[in-house]
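Heads up: the structure comes next, in structure tokens.
Every number in this text was worked out from the coordinates using simple rules, so none of it is lab data. Keep in mind it's a predicted model, so treat the numbers as computed, not measured. When we count neighbours, we look across all protein chains shown, and the Cβ atoms used for this are built from the backbone with ideal geometry, even at glycine.
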Number of protein chains: 2
Amino acid sequence: MPIYNPPLRDMKFVMYEFLGAEKIYQSLPKYKELDRNTLDQILEEAGKFCKEVIFPLNQIGDRQGCIRSEDGSVKTPDGFKEAYAKYVEAGWPSSACDTAYGGQDLPALLNTALYEMMNSSNQAWTMYPGLSHGAYQCLHEHGTEIQKKLYLEKLVSGIWTGTMCLTEPHCGTDLGLLKTKAEPLADGSFKITGTKIFISSGEHDLSSNIIHLVLARLPDSPVGSKGISLFAVPKFIPNEAGESGERNPVSCGSLEHKMGIHGNATCVMNFDGAVGSLVGEAHKGLNAMFIMMNEARLGVGLQSVGLTEVAYQNSVAYAKERVQGRSLTGPKEPNKPADSIIVHPDVRRMLLTQRAYAEGGRAFSYWVSMLIDIEKTTTDEKLKKENADLVALLTPIIKAFITDNAFTSTNEGLQVLGGHGFITEWGMEQFVRDARINMIYEGTNTIQSLDLLGRKVLGDMGAKLKVFGKYVRDFVEEEGTKKAMAEFVDPLADIGTKVEKLSMEIGMKAMMNKDVVGAAAVPYMRVLGHFVYAYLFARMARIALDHQKSDDPFYTAKLATARFYFARLLPEAEYHMKVIRSGADTLMALDASHF
Amino acid sequence: MPIYNPPLRDMKFVMYEFLGAEKIYQSLPKYKELDRNTLDQILEEAGKFCKEVIFPLNQIGDRQGCIRSEDGSVKTPDGFKEAYAKYVEAGWPSSACDTAYGGQDLPALLNTALYEMMNSSNQAWTMYPGLSHGAYQCLHEHGTEIQKKLYLEKLVSGIWTGTMCLTEPHCGTDLGLLKTKAEPLADGSFKITGTKIFISSGEHDLSSNIIHLVLARLPDSPVGSKGISLFAVPKFIPNEAGESGERNPVSCGSLEHKMGIHGNATCVMNFDGAVGSLVGEAHKGLNAMFIMMNEARLGVGLQSVGLTEVAYQNSVAYAKERVQGRSLTGPKEPNKPADSIIVHPDVRRMLLTQRAYAEGGRAFSYWVSMLIDIEKTTTDEKLKKENADLVALLTPIIKAFITDNAFTSTNEGLQVLGGHGFITEWGMEQFVRDARINMIYEGTNTIQSLDLLGRKVLGDMGAKLKVFGKYVRDFVEEEGTKKAMAEFVDPLADIGTKVEKLSMEIGMKAMMNKDVVGAAAVPYMRVLGHFVYAYLFARMARIALDHQKSDDPFYTAKLATARFYFARLLPEAEYHMKVIRSGADTLMALDASHF
């Protein structure tokens, strides 16, 4: 049976020592009364809930999956419903929600920590509340007063849940092709007709009502992505008392059988003239949906931070326990029949890869969450703009870089266990299968890479990239003269210079041939991800160096992990730079018919 | 439903144009009557069998898995038994076997082509005959006359099958720890007692008897790996007529639930005083077993060549069919609502990665098979030795490099399909799950890498590597002056020089600290794999260039694939060289307790 222990020590390191969160939040009027004690208590309670309530359901959910009955109802795996009831009872759904609707309005940073632990424990289960929170945010931002009144309190309390309904059989990435129809009714509502696929949490037994946010096309809407509108379509139409009333004709036609996240119901949803109401402006549904999708991209990154952490913990436990062979430098545990496999350099390579990506992903996602909190609450307009730029730049990196790394990491974890890693019982192969979807949904990692390079970097002539570059330059200037920091600062400065040059080169070449952007996008994502991680690990190493004389092994380990990152993972960036410089020709040369 | 078409055109290119197999085999006395017509007919028949009989069972096998009854018998998925009967009836098991026992004695090269297609079609099914063939080879080489008489004809015809029983719950990599006991009986046979795990094809309903080759320890045997002996333990003890007689107390205790290859029965095997006979010398069981394992390593490489090819075919089909978005350089199919996704550079990157690894893996494994055929049949002692050296050097690369690439490739294939790739029905995620085990069994890829660097390269001071280096140097000298070849020859010569230097550097450092070998092994595997592929692709490009004026698009595509390989995949080698130079310190610094 796999294990999971909330990594509270490192979470607190990131929040307090690395981000200086306590001070920063207290400087923001909205959070001025938030103190570390409160935050710590919430973290510990959340960790307990994750470890004790939802983690034990992770393998059960994988084994059982969801079951659809002939009437279209869906039963989630044993224990999911009860765990969700506990989640609601404890008030967790409301933590990052508006107090006006019963929320607790805690920072996004805290919610991020919470979701990391939930995803370590059970990604499939966590998708039910996760998508609900996205629906809450979308309605909170774009809903009419009536919609807010009808839905928000119920979503905040968690007794109702929500979904996003975008994909159709013939379109996913290219939503401009979508066909679901919305016909206006006399009372101002709309009749929605069409089929949506891949709808996570589309139907289930956790909540008494489900609010679907559905992209559809109004009559005579413009062709393509500018003719798409967003609608709120409840499973049960709220009655006058605001409770679940009449059944709306929206139902689960079937469940997908899939590689992972078996515990989450991935539904084909049929809208057979279901009644819905318009969210936001007509034909501007994609704009409203993208807000939800930005949050979702961060959420997917967190799914992968969570999986990276839990896979790491399990492979470390195995590597310490399993004895097999002897150290190349002579027996380390001569009293045992063989040494623990953690003596082998390559086992350590696999463990440290996971560790670096877990710690890097945590530092990265928590930092961006704090930037979002600051952006949303500061009164300093310059800071707001700067943070908005940074968040826009970093969001696709969170989604793609972290999820790619998590697939690598969970696979390294599996490999540490050898044959046992391939066996279901040990839990490692489930982490790999669950991690695989994160590279696909909420916009494939190719789409994220195109967003990063095409829109975020080239789209504004590098302005957003310069905001990040300034952070790096300031740090390099501050630390560059300290001898102990040279091993981190020098390569950081080096990749910074190279990224700047490379980005300009791509921009120049793209003016001649746009395929250059498509050809560079994915390797560019790897380069920029490493640029960010080099910055984060250098800063974390800085803190660890300050504590070198303490006998707290936490800082020794942090420093060792940073050194490993710089020696073994960062050099990947240069490989991708070289690939980018090969341009688009080798990709485009072959005629499609000759593949 | 997935598709599969035997890639006969490229298989024949590799065999005849790239390897010049017809001429070479006719120069070997044993094969002098083999002509291309015969080979082609066999290939085509085999391809038909694979496509029509076993490929349609691949998804069924994955979905159903194997089922164990309370009496310990195991039922394979629907259709597996009937397909195996057809396989036996057509005489396929005997193709590469000794004519003295009813075999056809065809070259290993042909068997390699056959197994590539079988593995593309159904890896789980192919493991039943595959392991059997290994048992045949082991008994053929090490068996007593009685064992040969009892078992070989039945294994050659395929009416009996075989297994390898090595792993125990507490030992896999480190077989020196194994505990299964063999007690001598008065009649010269042995009573085997112990538990083996992860036994592929350990129990099933395809054949009327199963011959287990079992590693066990004789009383008073030396401690460790030098005290292990090999035994042949039949499920049914042959009676005087040589038919299956009395049931031996060896049985399947349970089946493992695992990530992939569901159609193959992965058994816990209990030997409860089962009667067996000694194979080879006492205490030298590992030597005998390693012969089988060398073949098995090539076999695992072929599993991954097969999966790479079939995943490629399916993702290409999808990329041509699926319309979504427009080309960055403007609409390519304006009459359709969107362009086929094959217009996008990054989709092509994913397709070409798969294609390069499929073609590279094929050229590589077929080449090594031919080297084995030559080694086994030539009367030229110098050539025999040279080929034996090359095969020893290249075998771990076949196992590890090809299987790592196949995991990358099948994942790229899955990614091309986006969300559909994650859905079982499309078949892509099964290829990924099946491919995952290949990096683990028959010696993990870490073990292969240690074998390569520690034993094969450093172990003889680079002598074997020099044999390969000479092939490369000869080619570089021959082609180096031709302008059209510069784009291939220059980087090939470059990596050759760097590999030589790097290998010496590692050797020097390893004398001071053996952990350097462990720290370098896995990245060194990537470097050497690319060195080999650069050589193979340069040679294939050479042939394609000769046909540049023909209007056969096959050569255009071959050249494009080679160019893609040099531009986008080969540069990975330099990343790993840099990592190797970082040494072992960043891996070994952290105390085990601080992980």
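Points worth noting:
- For residues of B:319-330, the mean tally of beta carbons on other chains within 10 Å: 5
- Debye intensity ratio I(q)/I(0), log10, the protein assembly as shown, q values 0.07, 0.08, 0.09 Å⁻¹ (C-alpha model): -0.68, -0.90, -1.14
- Trypsin sites (Lys or Arg not before Pro) lying in DSSP loop within segment B:12-77, provided at most 13 other Cβ fall within 10 Å: B:LYS32
- Alpha-carbon centroids, segment B:380-416 and segment A:560-578: separation in whole Å: 26
- Residues of type aspartates and glutamates that B:LYS498 reaches as a straight line, Cα spacing below 15 Å, ignoring anything fewer than 8 places off in the same chain: B:ASP490, B:GLU572, B:GLU574
- Where GluC sites (Glu not before Pro) fall in DSSP loop in segment A:216-299, at most 12 other Cβ within 10 Å: A:GLU240, A:GLU243, A:GLU281
- Closest-to-axis residue of chain A (Cβ criterion, axis taking A to B), whole Å: A:TYR575, 2
- Seen against the Cα atoms of chain A and their longest principal axis, helix A:80-89 is set at about 90 degrees.
- If you count Lys pairs in segment A:294-443 whose Cα atoms are under 18 Å apart, skipping same-chain pairs closer than 8 places in sequence, the total is 4.
- The protein assembly as shown - charge dipole about Cα centre, Lys and Arg +1 at Cβ, Asp and Glu -1, debye rounded to 20: 1900
- Helix axis angle, A:428-438 relative to chain A longest principal axis, alpha carbon, degrees: 60
- Centroid-to-centroid separation of segment A:70-101 and segment B:144-192 [C-alpha atoms, Å]: 55
- Segment A:444-588: C-alpha pair distances exceeding 17 Å, %: 62
- Mean projection area, nm², convex hull over Cα of segment A:8-142: 9.7
- Lys pairs, segment B:34-184 - Cα-Cα below 18 angstrom, 8 or more residues apart or on other chains: 6
- Taking A:THR180, B:THR308, B:THR377 and counting other C-beta atoms within 10 Å, the order from fewest to most: B:THR377, A:THR180, B:THR308
- Against the main long axis of the alpha-carbon atoms of chain A, helix A:36-49 sits at an angle near 80°.
- Full extension of the segment from A:ASN513 to A:GLU477, taken as 0.36 nm per residue of separation minus the current Cα-Cα distance, would add 9.2 nm.
- Dimensionless Rg/Rh of segment B:287-380 - Kirkwood Rh, Rg from C-alpha atoms: 1.26
- Other residues within the sphere of radius under 14 Å centred on the Cβ of A:LEU206, judged by their own Cβ, net out at 0 (K and R +1, D and E -1).
- The three principal axes of the Cα atoms in chain A give end-to-end lengths of 79, 61, 60 Å, sorted in falling order.
- Compactness check for segment B:249-301: Cα Rg over 2.2 N^0.38 Å is 1.47.
- Look at the stretch B:517-529: the mean tally of other chain Cβ atoms within 10 Å of its residues' Cβ atoms is 3.
- Applying Stokes-Einstein at 25 °C and 0.890 mPa s to the Kirkwood radius of segment A:215-271, computed over alpha-carbon pairs, gives a translational diffusion coefficient of 173 µm² s⁻¹.
- Principal axis box of segment B:380-451, alpha-carbon based, largest edge first, Å: 55, 23, 14
- Relative contact order of chain B, pairs being alpha-carbon contacts under 8 Å that are 6 or more residues apart, as %: 13
- Principal axis analysis of the Cα atoms in segment A:161-283 yields extents of 40, 39, 21 Å, listed in decreasing size.
- Span from the segment B:359-379 Cα centroid across to the segment A:435-508 one, whole angstrom: 46
- With q set to 0.16, 0.19, 0.22 Å⁻¹, the log10 of I(q)/I(0) for segment A:300-344, from the Debye formula over equal scatterers at the Cα positions, is -0.51, -0.60, -0.68.
- Sequence of A:ARG9, B:ARG348 once ranked by neighbouring C-beta atoms within 10 Å, starting from the fewest: A:ARG9, B:ARG348
- Here A:ILE342, A:ILE67, A:ILE543 are placed in order of increasing Cβ neighbour count within 10 Å, fewest first, which gives A:ILE67, A:ILE543, A:ILE342.
- Each label was represented as a point 7 Å from its Cα along the Cα-to-Cβ direction; for A:PHE290 and B:ALA484 these points are 4.9 nm apart.
- The trypsin sites (Lys or Arg not before Pro) found in segment A:139-209 that occupy coil by DSSP, while having at most 15 further C-beta atoms within 10 Å, are A:LYS179.
- Paramagnetic reach from B:LYS30 (point 7 Å along Cα→Cβ, amide N under 15 Å) across segment B:77-105: B:95-105
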